[in-house]
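What follows is one structure encoded as structure tokens, with my remarks underneath.
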Amino acid sequence: MRSPHLSIVVPTFNERENILELIRRLAVVLADKDYEVIVVDDDSPDGTWRVVEAAAEQDPRIRLNHRIGRKGLSSAVVDGCGVAQGQRIFVMDADLQHDEAIIPDMLIRLEEYEVVVATRHAEGGSVGVFAWYRQFISLVATWGVKLLLGVRVSDPMSGFFCLRRQVFDRVSSELRPRGFKILIEILWRAKIRNIGEIGFHFRARTAGESKLDS
């Protein structure tokens with residue numbers, strides 16, 4: 001089988017109520033694209049993986065990586081990117097807060113940049129209904145990343161980004177994924193300087209619960 005041009009990696013944990021809607025929306029936005037959706041599920045108690053497994057039986061573009069005994073958002077992203085077949089890799093959440101409609105524009109910008117970040121802080125972007133403590137965490141992280149690591153990006157906490165396959169291959173053996181935000185480590189280890197950004201409106205979650213805690 002011919003490898004898809006575009007891979008979308010979606011880490012999940014208890015996203016049964018959202019994942020099929022995301023897959024449906026991606027099918028609409030990417031109707032003219034050759035793509036695959038890789039769902040990396042950490043053995044969700046709500047059975048998210050069962051829903052994806054059933055969907056994959058009906059659509060060969062959907063792939064399930066059901067992880068047992070391994071947990072963590074960043075490591076799930078790394079595992080998903082590791083098995084991705086596309087030359088362009090996207091990472092996004094399953095909670096429907098990331099605007100899938102900007103993916104085609106991100107793909108275009110990826111022809112110019114090695115990494116393109118969907119940011120809440122660029123022109124056209126907004127944080128939406130965002131709790132004050134999460135805004136504070138984002139602010140502190142942005143300041144720290146710029147000061148300590150020298151990574152110039154307006155939204156280093158973003159979980160919505162895309163990169164060229166060769167960028168991931170260049171750093172995959174060096175990644176030590178912990179916590180939530182793998183983007184920061186990729187940018188730092190790959191020494192990426194030509195980073196593209198595109199603003200997006202961060203939507204409110206309609207189902208499930210945020211995984212972010214102290």
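Go through the stretch 168-185 and count every residue that is under 22 Å from E100 (Cα atoms) and either touching a His at 6+ places or on another chain (Cβ under 7 Å) or among the hydrophobic types (A, V, I, L, M, F, W, C) (or both).
Here the count works out to 5.
Within the group L96, L64, which residue is surrounded by 19 or more Cβ atoms within 10 Å (Cβ to Cβ), under 23 Å from V115 (Cα atoms), in contact with a helix residue (DSSP H, G or I) (Cβ under 7 Å, 6 or more places away or on another chain) and not acidic (D, E)?
It is L96.
Filter the stretch 178-187 down to the residues that are at pLDDT 85 or above and either surrounded by fewer than 17 Cβ atoms within 10 Å (Cβ to Cβ) or touching a Ser or Thr at 6+ places or on another chain (Cβ under 9 Å) (or both) and list them by number.
I182, L183, E185
Cβ-Cβ under 9 Å, sequence separation 6+ or interchain: first residue in the stretch 15-34 and assigned to a loop (DSSP other than H, G, I, E, B), partner open to solvent by 60 Å² or more (accessible area, probe 1.4 Å) and of a type in the set (S, T, N, Q). Which pairs?
E17/T206; N18/T206; D34/S3
Given the stretch 37-152, what strands (runs of 3 or more DSSP E) lie entirely inside it while holding 1 or more residues that are closer than 20 Å to V167 by Cα and modelled with pLDDT under 95?
The strands (runs of 3 or more DSSP E) meeting that bar are 115-119.
The values are calculated or read from the model by the stated rules, or taken from the named source; none is laboratory data. Note that the coordinates shown come from a computational prediction; the quantities given were computed from them, not determined experimentally. FYI the Cβ positions are ideal-geometry reconstructions off the backbone, even for glycines, and counts take in every protein chain you see. Areas reflect the complete protein model, heavy atoms only, side chains present, ligands, DNA and RNA absent. Shrake-Rupley method; radii C 1.70, N 1.55, O 1.52, S 1.80 Å.
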